[in-house]
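Encoded as structure tokens, the structure appears first; notes follow it.
Please treat every number below as a calculation from the coordinates, not as lab data. This is a predicted model, so every value here is computed, not measured. Note: ideal-geometry Cβ built from the backbone for every residue, glycine included; neighbour counts use all protein chains shown.
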Amino acid sequence: MIKWFSLVLISLHLSLISSFVYSDRLKDLTSIAGVRSNQLVGYGIVVGLNGTGDGNIGLTLQSMQSMVSRFGLVTDTAGLNGANTAAVMVTADMTAFAKPGQTIDITVSTLGKASSLRGGTLLMTPLLGADGETYAIAQGNLVVGGLGVTGQDGSSVVVNIPTVGRVPRGATIEKLVETQFLKSDNIILNLHQSDFSTSLEVSNAINEIFGPDVSVPLDASSIKVRSPKDPAQKVAFVSLLENIEIEPARPKAKVIVNARTGTIVIGGDVRVTPSVVTHGSMTVRVNEDPNVNQNNNLAMNSDQVVVTPGDATVTPDTEIDVDEEVAKAFIFDPGVELSEIVESINAVGASASDLVAILEALREAGSLRAELIII
């Protein structure tokens, strides 16, 4: 079992290491398995709108009828008006280790025909987890960043999204989510980016500080770490663990292409084997300028000649202009690095689409030593 004085010595050791090494902390590279937020969702109604509600739709009227019936009032939907009311969905994230009585932010989104939630108040709404249990209760005045204005002639102006609002600290937690953090004998660290080399490096760094066999890499994403059995020491142990600094392994060589925006990201370890690339373009312009000639019809009678318009004659007139740029070639030498790749491609004036074509051609030729990912 790790004693308190041992933890103090380890803390001093970590502070000395961090003063000489510029690396990443484990808290920035990993997350602890089981320590996560939980999504909550609920259905409610927003009242107090200035005529921007759902109107007389069945869902909203039934919700209003159900709400007022809780207070002993008996009415039917025909006697209700939903112009100032909106049916909404309420969502929230309950952070790990959140305790009953604490508050969390909520997001409120329209479900029906409401055009704006500005000025509305969310009535008491239970928030459910994936298991159907109620974990929080939401209520409060909405903060809406959007604005919508509609004129009598049907014209409208909408700024941002007026149908979504937030209530800061609008939900109170009512039930605790059980976690195995204090009950488990081991802590599992999950890497944000899977990598066998980084997983091994994390395990070695932990064993170097806390002793051999304290940490075991399970796979490319997870590292198992033995933790103190005493719950009082587990928080202190994790505090020391997440501040260990390591130098992550160099990532896999990748080229990421966003086909929608033309954004291209090339990793630093991308290499190209010896190859020759020729880049050029041909522009063909076709200009149609038809000639229209008006024909006349002549008709003669006993007194005079009558001229009437006839069918027009269209004579095609096509101009074709071909402009072909001189193809530019550049050579990739063995082991060429990222900076040289960028300089070569920029030198020929290649656009984003041209660069994608060049990279795809290099991959098909087997010259691109990287994974090409198009998103």
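A single member of Ser199, Ser203, Ser227 is within 19 Å of Phe97 (Cα to Cα) and polar (S, T, N, Q), and it is Ser227. Please verify whether Ile264 is touching a Leu at 6+ places or on another chain (Cβ under 7 Å), part of a strand (DSSP E or B) and in contact (Cβ under 8 Å) with a residue 60 or more places away in the chain, treating the condition exactly as stated. The answer is yes for Ile264. Tallying residues that are touching an Asp or Glu at 6+ places or on another chain (Cβ under 9 Å) and among the hydrophobic types (A, V, I, L, M, F, W, C) within the range 170-186 yields 1.
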